[in-house]
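Enquirer: Let me give you the structure first, and then I'll get to my questions.
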Amino acid sequence: MDGNGRWATRRLLPRTAGHKFGADALKRLVRGCVQHGVQYLTVFAFSSENWQRPADEVGALMELFLQALQRETVELAAQGVVLHFIGDRSPLHEQMRELMTRAEQAPVDNPRLRLNVALNYGGRWDVAQAARAVQLAGLEMSEQNLARHMCLADIPEPDLLIRTGGDHRISNFLLWQLAYTELYFTSTLWPDFDEKSLADALADFAHRERRFGGVPPGSDDSGLRVA
Ligand code: IPE
Ligand code: MG
């Protein structure tokens, strides 16, 4: 969800205003995903590197997360959204950690979308915490055992990554889980990402041919095609 700061600066607003409009864009995206039948959505809300931002911006972001947790949890559950957080919670404020746990435990009668919010998350941190867990369990440091201890091990790997804001990089998001994910970059700034932007991204994805390291179906040279 990149581009909040630039969106605000272009309007002569403080960067924090961009984050507020960014939160609205996320609500819109969640509704859109439910409508399109997307079952899993993971958003990068705050990276382990974002602490380097000026203290007032970090404070405003934390305040925004806190407000969203207080105000949106009931509405999200009503929409069928099951919330889950990934990232290192230990440096977060106690009140925030409590609200996060409560939001994760909120009963959802008709689950439609699993929403993972990455908060103080880093892809390298994820690999390191998985490695520690494998080591602590006395297991072999195999790809399979690491995969089982990564965040989001209980859901399928992402099909599509959308990055807004015009930069073409992963920025320490889900490094392990994105191995075969289709990447989609758009210059649209995050607060402007709307229903049409989501539909465009999904339409682009629909045209991708996914081979997972194999060959396209039907391109084996046996000449035999069984319908
Ligand atoms: C939002 O966009 C990302 C968050 C950390 C919430 P930015 O704040 O990175 O916006 P730009 O890149 O400065 O425009
Ligand atoms: Mg940015």
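The values are calculated or read from the model by the stated rules, or taken from the named source; none is laboratory data. Quantities reported herein were computed from a predicted structural model and do not represent experimental measurements. When we count neighbours, we look across all protein chains shown, and the Cβ atoms used for this are built from the backbone with ideal geometry, even at glycine.
Enquirer: With the structure loaded, tell me whether residue 65 is touching a strand residue (DSSP E or B) at 6+ places or on another chain (Cβ under 8 Å), of a type in the set (Phe, Trp, Tyr) and surrounded by 15 or more Cβ atoms within 10 Å (Cβ to Cβ) or whether it fails that test.
Expert: Numbers: touching a strand residue (DSSP E or B) at 6+ places or on another chain (Cβ under 8 Å): yes; of a type in the set (Phe, Trp, Tyr): yes; surrounded by 15 or more Cβ atoms within 10 Å (Cβ to Cβ): yes.
Yes, satisfied.
Enquirer: For region 100-107, indicate whether the set of residues that are at pLDDT 95 or above and outside any helix (DSSP H, G or I) is non-empty. Explain how you work it out, then say what you get.
Expert: Within region 100-107, the first condition is being at pLDDT 95 or above, and the residues that meet it are 100-107.
Pick out the ones that are also outside any helix (DSSP H, G or I) and you get 106-107.
Checked region 100-107: at least one residue is at pLDDT 95 or above and outside any helix (DSSP H, G or I).
Enquirer: Further question on the same structure: Given the criteria basic (Lys, Arg), part of a loop (DSSP other than H, G, I, E, B) and either free of Cβ contacts under 8 Å to residues at least 12 places away in the same chain or within 30 Å of residue 199 (Cα to Cα) (or both), does residue 114 qualify? Show your work before the answer.
Expert: On the way: basic (Lys, Arg): yes; part of a loop (DSSP other than H, G, I, E, B): no; either free of Cβ contacts under 8 Å to residues at least 12 places away in the same chain or within 30 Å of residue 199 (Cα to Cα) (or both): yes.
It is false that residue 114 is basic (Lys, Arg), part of a loop (DSSP other than H, G, I, E, B) and either free of Cβ contacts under 8 Å to residues at least 12 places away in the same chain or within 30 Å of residue 199 (Cα to Cα) (or both).
Enquirer: For residue 114, only one of the following conditions fails: (1) among the basic types (Lys, Arg); (2) buried (at least 18 other Cβ atoms within 10 Å of the Cβ); (3) in contact with a helix residue (DSSP H, G or I) (Cβ under 7 Å, 6 or more places away or on another chain). What is its number?
Expert: (3)
Enquirer: Specify the residue that is nearest to ligand 1 (Cβ to nearest atom); the eligible residues are those in region 21-49 that are in contact (Cβ under 8 Å) with a residue 40 or more places away in the chain, assigned to a helix (DSSP H, G or I) and surrounded by fewer than 17 Cβ atoms within 10 Å (Cβ to Cβ).
Expert: 24
Enquirer: Considering only region 126-178, state which residues are hydrophobic (A, V, I, L, M, F, W, C), at negative phi, away from ligand 2 (no atom under 16 Å from the Cβ) and in a loop (DSSP other than H, G, I, E, B). First the steps, then the outcome.
Expert: Let us first name the residues in region 126-178 that are hydrophobic (A, V, I, L, M, F, W, C), namely 127-128, 130-131, 133-134, 136-137, 139, 141, 146-147, 150-153, 155, 160-162, 170, 173-176, 178.
From what is left, the residues that are at negative phi are 127-128, 130-131, 133-134, 136-137, 139, 141, 146-147, 150-151, 153, 155, 160-162, 170, 173-176, 178.
Adding the requirement that they be away from ligand 2 (no atom under 16 Å from the Cβ) leaves 127-128, 130-131, 133-134, 136-137, 139, 141, 146-147, 150-151, 153, 155, 160, 174-176, 178.
Correct list: 137, 139, 141, 150, 151, 153, 155, 174, 175, 176, 178.
Enquirer: Given the conditions (1) within 23 Å of residue 33 (Cβ to Cβ); (2) away from ligand 1 (no atom under 16 Å from the Cβ), which single one is not true for residue 94?
Expert: (1)
Enquirer: Search region 7-20 for residues being among the basic types (Lys, Arg) and over 17 Å from residue 44 (Cα atoms), and hand back the single one that is nearest to ligand 1 (Cβ to nearest atom).
Expert: Looking only at region 7-20, we keep the residues that are among the basic types (Lys, Arg), and these are 10-11, 15, 20.
Now restrict to residues that are over 17 Å from residue 44 (Cα atoms): 10-11, 15.
Details: 10: 9, 11: 12, 15: 6 Å.
My answer is 15.
Enquirer: Taking the condition without any contact (Cβ under 8 Å) to a residue 40 or more places away in the chain, near ligand 1 (Cβ under 10 Å from one of its atoms) and surrounded by 13 or more Cβ atoms within 10 Å (Cβ to Cβ), does residue 53 pass? Full working, then the answer.
Expert: Working: without any contact (Cβ under 8 Å) to a residue 40 or more places away in the chain: yes; near ligand 1 (Cβ under 10 Å from one of its atoms): yes; surrounded by 13 or more Cβ atoms within 10 Å (Cβ to Cβ): yes.
Yes.
Enquirer: So, one more: For residue 60, all conditions in the list (1) under 22 Å from residue 154 (Cβ atoms); (2) touching a Ser or Thr at 6+ places or on another chain (Cβ under 8 Å); (3) outside any strand (DSSP E or B) hold save one; what is the number of the exception?
Expert: With respect to (1) under 22 Å from residue 154 (Cβ atoms); (2) touching a Ser or Thr at 6+ places or on another chain (Cβ under 8 Å); (3) outside any strand (DSSP E or B), residue 60 is out only on (1).
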